[in-house]
Amino acid sequence: MEFKITTYSEQETIELAQNIESEKFPNMVICLTGDLGSGKTVFTKGFAGALEVQEDVTSPTFNIIKEYTSGEMPLYHMDVYRLEGKVEDLGIEEYYTKKGITIIEWADMIPDYLPEKRLEIKIKSSEEDENKRIITIIPYGRKYEELCEAIL
Ligand SMILES: Nc1ncnc2c1ncn2[C@@H]1O[C@H](COP(=O)(O)OP(=O)(O)O)[C@@H](O)[C@H]1O
Ligand SMILES: [Mg+2]
């Protein structure tokens, strides 16, 4: 199962994130992939806003993991771009079962540490239009398939 969506503005990508948030459940894991500037953090901010996270969500590149607890559910925002060999030290997998929502930017960098059941979102920029993004959504696991069917 695979879904394709094209967004033509940052706002449309935020709306996609809001729609996915509306079907959230504890221990949900969202894996974001796409080049620098494709919109992974935009998506995460949109999701956090819908979750009513009060803090300003910023890219956790240097912290790797940021936890936001002011929303309806805890949000664990990770950016594993600079992680390299240190995955095990961080205990990333523990976050998947802490009853919150985990969003991982650059998830394709840590294929061996992703949960089997997850929502994969690949964002591709377009050469013809700087505000266009081709977004591919792949659900792994029945809950994620149902989520996709509900909103897409
Ligand atoms: N359709 C779109 N969806 C998401 N972001 C977009 C879109 N069009 C333009 N942008 C811009 O692209 C940039 C994405 O940045 P960011 O989310 O930080 O990327 P990443 O986290 O993938 O490196 C932002 O400046 C945003 O305004
Ligand atoms: Mg980012």
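A short reminder: the numbers here are calculations on the coordinates, not readings from a lab. Owing to the predicted nature of the structure, the values given are computational and were not obtained by experimental measurement. Cβ sites come from the backbone with ideal geometry, for glycine too, and all protein chains shown count toward neighbours.
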- Can you pull out the residues in the range 2-29 that are in contact (Cβ under 8 Å) with a residue 40 or more places away in the chain, on the phi < 0 side of the Ramachandran plot and more than 13 Å from ligand 1 (Cβ to nearest atom)? E2, F3, K4, N19, I20, S22, E23, K24, F25, P26, M28, V29
- Inside the range 114-137, can you point out the residues that are of a type in the set (S, T, Y) and either under 26 Å from G91 (Cβ atoms) or in a loop (DSSP other than H, G, I, E, B) (or both)? S126
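Residues checked against (1) in a strand (DSSP E or B); (2) within 23 Å of K124 (Cβ to Cβ); (3) not charged (D, E, K, R):
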{"position": "C31", "(1), (2), (3)": "yes, yes, yes"}
{"position": "G49", "(1), (2), (3)": "no, no, yes"}
{"position": "E52", "(1), (2), (3)": "no, no, no"}
{"position": "V57", "(1), (2), (3)": "no, yes, yes"}
{"position": "S70", "(1), (2), (3)": "no, no, yes"}
{"position": "H77", "(1), (2), (3)": "yes, yes, yes"}
{"position": "T97", "(1), (2), (3)": "no, no, yes"}
{"position": "I103", "(1), (2), (3)": "yes, yes, yes"}
- If we keep only residues of the range 51-91 that are more than 13 Å from ligand 1 (Cβ to nearest atom) and polar (S, T, N, Q), then the residue nearest to K40 (Cα to Cα) is N63
- Restricting attention to the range 43-64, does a residue exist that is within 13 Å of ligand 2 (Cβ to nearest atom) and acidic (D, E)? no
- Query: What tally of residues in the range 107-128 results from selecting those that are among the small types (G, A, S) and either within 15 Å of ligand 2 (Cβ to nearest atom) or in contact with a strand residue (DSSP E or B) (Cβ under 6 Å, 6 or more places away or on another chain) (or both)?
  - Reply: 2
